[in-house]
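The values are calculated or read from the model by the stated rules, or taken from the named source; none is laboratory data. Everything numeric here is computed off the predicted structure, so don't read it as measured data. Methodologically, a virtual Cβ is constructed for each residue, glycine included, from the backbone with ideal geometry; neighbour enumeration extends over all protein chains shown.
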Amino acid sequence: MDSSRPSDHVSNAPTEPNSSGVNSPELGLVGWLRWIWRLLTSMRTALILLLLLAAAAIPGSVYPQRSADPNGVTSYFQQNPELAKVLDGLQLFDVYSSVWFSSIYILLFVSLIGCVVPRAIVHAKAMASTPPATPKVMARMPAYQLVDAKKSVRAAVVERAANLLKRERYRVVVDGDSVSAERGYLRETGNLIFHLSLIGVLVAVGFGGAYSYSGQRLLVEGDTFVNNLAGYDSFSPGAFFNENNLTPFSMKLDKFEIAFDNNVNHKANAGTPIDFRATVSTKSSPTAPAQTTLIRVNEPLELPTAKVYLTGNGYAPVLAFSDKPCKNLNGGVRVIEGPFSYQGAVPYLPQDANYTSLGVIKLPDAKPNQYGVLSFFYPTAGKLPTGALTSVYPAAISPQSSLLTLNVYAGDLGLDSGIPSNVFSLATHGLKQLSGGKTGVKPIQLLVKGNAENLPNNMGCVAFTDLKRFASLDIDYNPGQGWVLLFALLSLAGLVLSLLVPRRRVWVKRVDDGFEVAALARGDDPALNRIVQEIAQELSSKKKKKDKDD
Amino acid sequence: MISMPRTQLTVALNEDLSQVSLYFIYFAMALYTVAFLAYVWHLSQASSTLKAVRKGASRIERGAFILLVFASAFHGIGVILRGVAASRVPWANMYEFSITGTFLVVAIYLVSWFFVRDIRILAVFLSGFVLLVLGIATTVFYVEVKSLMPALQSYWLVIHVTVAILATGFFNIASAASIAYLMKGSNLVQTSKLRGFALTRRILGLFPDMTKLEKLAYRFNIIGFILWTFTLIAGAIWAERAWHRYWGWDTKEVWTFIIWTIYAGYLHANATRGWSGKRSAWLAVIGFCAIIFNFTIVNLFFKGLHVYSGLK
């Protein structure tokens with residue numbers, strides 16, 4: 001297709017490859033390359049690539065993507081291991097970085113460059129040259145009017161038309177008996193800005209992504225994060241990321257608060273979170289003074305070299321485990337005695353909207369044998385019709401309403417094998433469950449903090465000493481995103497110009513009995529006929545006025 | 001930020017008022033039903049072979065238009081009351097998005113009615129569509145007023161979603177024009193000898209000619225496309241603040257992108273020989289189907305971050 005035309009110009013039949021050329025040896029390498037280049041830069045190819053791109057994006061919304069939902073991919077592999085392997089071979093879990101998706105958009109951008117660059121040259125030439133000559137047969141133009149006029153009007157019509165069109169910001173050329181005018185060069189300028197800015201967006205996305213990093217860190221109230229690779233729970237760097245670029249800031253989670261709607265009159269609404277607030281103290285360097293700030297969901301902490309976002313939260317009961325049995329005090333109160341095989345806050349992952357939370361504790365140092373614990377925390381415990389425990393409200397509605405249960409599993413935890421294991425899950429296969437579930441032994445239940453309870457089989461004592469919250473924080477750095485935004489806004493501006501600025505040519509020509517007005521638009525122009533009428537009226541009526549004045 | 005005192009634990013929700021809002025929506029639906037039937041009646045009369053019957057048709061159309069105006073007034077009050085009941089903008093879940101979105105579609109139509117003559121005949125598509133959406137919204141999507149989840153507490157909710165709704169409204173009207181265009185151009189409709197098609201032909205005769213319908217669709221689609229581009233950019237800016245990245249191929253982002261690409265294809269098709277006309281009209285219809293798909297199936301059944309239906 002003729003790539004020098006504006007996109008809104010209905011193009012001529014595509015330049016078909018020479019029908020004999022396909023199997024003609026004379027075509028040669030250069031000929032082939034030229035043919036491929038023409039094919040690639042044609043509007044039809046761009047259109048088909050666009051539609052292909054739309055279709056190719058669909059599977060990414062159907063199958064879980066490693067970039068957006070890695071856990072979804074893992075569970076897909078667990079549920080359909082055979083199918084998952086096939087899908088993975090087709091890169092359907094990495095659609096947007098797959099070979100086939102990438103090749104479509106790369107081809108599209110090559111096509112775009114091949115189309116836009118020649119057009120920019122043509123447009124630059126058009127800007128520098130004068131409007132095209134008046135057509136011989138004006139009546140063939142899509143908007144046309146013939147006006148009968150007196151001799152006096154006819155005499156002045158060319159000069160007055162030129163002045164009128166100049167006032168309307170047309171570019172005007174007078175050629176004997178006619179005026180040729182053109183306006184709306186911004187339409188094509190906007191079109192070029194739009195397409196070139198899309199290239200800018202792509203480049204900025206690429207470079208920004210290469211130098212970016214994104215890391216996650218879970219902080220329990222009171223914990224401090226220091227910005228180095230060891231400080232992250234998970235970290236995904238871009239291709240050009242350099243560890244030395246991490247600035248040594250630190251951040252302490254002072255407290256984390258949640259506001260729930262606690263109006264019980266809102267049947268549908270009680271217990272929905274209204275606000276999450278993480279109060280943090282940051283230091284830009286180990287010696288700098290600490291600054292306290294608030295991070296909320298839509299209000300990340302903006303540091304000079306990174307942004308910190310609040311992405312999740314939950315409860316972190318502080319537990320202590322000892323190999324010695326609990327000590328009984330007067331009045332049936334039990335307390336734990338050291339030394340402790342484990343002591344500290346354990347982040348429990350919320351399982352539902354009411355924060356029924358699951359925690360895992362692994363005690364490789366317990367004596368005589370190591371064991372693991374699967375524990376549930378119910379901020380306000382209630383019972384399901386099945387008898388199972390659940391949480392009925394996301395916070396404790398009274399000091400006695402919370403409940404912590406523990407199921408103990410004895411056996412080798414597999415921590416000494418050297419294979420990294422997930423701290424949030426306990427592989428119970430191969431372990432012997434000692435309490436809860438089908439064991440017949442009731443799970444250990446700890447109401448409210450301060451309680452202690454004996455473990456089964458005289459394994460020792462566990463105590464629930466305090467309740468804290470944790471916050472999941474995302475620490476992100478992307479130097480490209482400002483550029484992405486700039487180019488995106490530029491492309492929007494270009495789009496508005498290219499779709500809304502009318503580009504039209506207007507001609508006025510003196511003829512025997514009066515004058516003719518005609519106009520031609522590039523693309524759709526709802527005002528074309530009106531413009532011709534207005535110009536015709538203006539050129540004939542103004543003279544009448546003047547007559548009266550005379 | 002949406003105004004929300006930081007220490008207050010409850011939001012002023014008014015469930016009684018939201019009931020009143022629902023009654024207004026129901027009443028508007030009743031009026032839309034009558035208006036829709038009146039428009040159908042108008043089409044059947046105006047397409048009659050008898051001159052005397054045709055004469056009375058314009059009076060029916062005027063009556064239907066007045067009904068439509070009243071319906072939209074009740075509809076608008078229902079939307080506003082819902083916002084007051086929730087003390088925030090009324091588009092934070094699918095029910096609210098549906099009632100606000102359809103109201104804006106009608107509003108865009110009513111405003112355009114005065115400027116674009118060709119659009120008047122599309123009322124039957126419009127009232128039927130609005131009625132259908134409201135029917136689904138009040139039965140399937142309905143949820144009680146809820147306070148805003150923290151991720152939605154942002155002024156971007158006002159900017160991003162309003163523009164998305166507006167874009168949808170323009171695309172919606174354009175798709176009606178494209179459907180009429182395709183029906184007019186369909187060989188089956190134009191040549192079949194079955195009696196039903198004869199009536200369809202006469203009804204389609206009332207619509208503007210194909211060139212006008214094509215231009216109408218194009219003009220509404222370019223406005224829709226500009227607004228959709230803005231929606232996409234505004235969404236990315238908001239995602240950067242709320243979800244720590246400006247673009248992450250979340251299912252909703254994917255579909256916003258797909259829709260943008262389809263309409264970009266539509267614009268290119270309009271300038272490509274062999275693709276303008278029927279094929280580009282099909283693209284416009286497919287684009288609008290993708291919007292409906294994005295709003296219903298993707299919202300309800302696809303896993304992603306935009307889980308705002310409020311349904312369980």
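The table below lists the values:
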{"item": "Filter pass, residue B:280 being part of a loop (DSSP other than H, G, I, E, B), at negative phi and among the polar types (S, T, N, Q)", "result": "no"}
{"item": "Condition check for residue A:374: in a strand (DSSP E or B) and touching an Asp or Glu at 6+ places or on another chain (Cβ under 9 Å)", "result": "no"}
{"item": "Residue match in the range A:307-322 (condition: outside any strand (DSSP E or B) and either among the hydrophobic types (A, V, I, L, M, F, W, C) or more than 14 Å from chain B (Cβ to nearest Cβ) (or both))", "result": "no"}
{"item": "Filter result for the condition that a residue is modelled with pLDDT under 90 and among the hydroxyl-bearing types (Ser, Thr, Tyr), over B:112, B:147", "result": "B:147"}
{"item": "Selected residue (criterion: surrounded by the most Cβ atoms within 10 Å (Cβ to Cβ)) from residues of the range A:216-271 that are among the polar types (S, T, N, Q) and within 14 Å of another protein chain (Cβ to nearest Cβ)", "result": "A:269"}
{"item": "Verdict on residue A:92 being more than 30 Å from residue B:271 (Cβ to Cβ), away from every other protein chain (no Cβ under 12 Å), loosely packed, with under 13 Cβ neighbours inside 10 Å and among the aliphatic types (A, V, I, L, M)", "result": "no"}
{"item": "Residue within the range B:291-311 that is at the interface with chain A (Cβ under 10 Å from one of its Cβ atoms), buried (at least 20 other Cβ atoms within 10 Å of the Cβ) and modelled with pLDDT of 95 or more present", "result": "no"}
{"item": "Residue check for residue A:354: in contact (Cβ under 8 Å) with a residue 40 or more places away in the chain, part of a loop (DSSP other than H, G, I, E, B) and of a type outside the set (A, V, I, L, M)", "result": "yes"}
{"item": "Close pairs from the range A:404-417: first not assigned by TED's automatic domain parsing to the domain that holds residue A:356, partner surrounded by fewer than 15 Cβ atoms within 10 Å (Cβ to Cβ), Cβ under 7 Å, at least 6 apart", "result": "none"}
{"item": "Hey, residue B:203 within 28 Å of residue A:92 (Cα to Cα) and either in contact (Cβ under 8 Å) with a residue 40 or more places away in the chain or part of a helix (DSSP H, G or I) (or both) or not", "result": "no"}
{"item": "Pairs where the first residue, in the range A:381-392, is at negative phi and the second is outside any strand (DSSP E or B) and aromatic (Phe, Trp, Tyr), C-beta under 9 Å, 6+ apart", "result": "A:391/A:355"}
{"item": "Residues of the range B:33-64 classified as crowded, with 18+ Cβ neighbours inside 10 Å and within 26 Å of the chain's Cα centre (by Cα), total", "result": "9"}
{"item": "Whichever residue in the range A:454-499 is closer than 30 Å to residue A:337 by Cα and touching a Lys or Arg at 6+ places or on another chain (Cβ under 7 Å) and, among such residues, is farthest from the other protein chains (Cβ to nearest Cβ)", "result": "A:460"}
{"item": "Which numbered condition residue B:223 misses (of (1) facing chain A (nearest Cβ under 10 Å); (2) over 17 Å from the mean Cα position of the chain (by Cα))", "result": "(2)"}
{"item": "Filter result (more than 8 Å from chain A (Cβ to nearest Cβ), surrounded by fewer than 21 Cβ atoms within 10 Å (Cβ to Cβ) and either among the aliphatic types (A, V, I, L, M) or assigned to a helix (DSSP H, G or I) (or both)) within the range B:206-220", "result": "B:206, B:210, B:211, B:212"}
{"item": "Residue A:288 part of a loop (DSSP other than H, G, I, E, B) and either closer than 28 Å to residue A:70 by Cα or away from chain B (no Cβ under 11 Å) (or both)", "result": "yes"}
{"item": "Residues of the range B:241-252 satisfying the condition of being over 18 Å from residue A:202 (Cβ atoms) and at the interface with chain A (Cβ under 7 Å from one of its Cβ atoms)", "result": "B:241, B:242, B:244, B:250, B:251"}
{"item": "Residue satisfying all of: in the range A:312-340; at pLDDT 90 or above and among the polar types (S, T, N, Q); nearest to residue A:255 (Cα to Cα) among these", "result": "A:313"}
{"item": "Odd one out for residue B:90 among (1) assigned to a helix (DSSP H, G or I); (2) without any contact (Cβ under 8 Å) to a residue 60 or more places away in the chain", "result": "(1)"}
{"item": "Per-region count, the range B:253-272, residues more than 7 Å from chain A (Cβ to nearest Cβ) and of a type in the set (A, V, I, L, M, F, W, C)", "result": "3"}
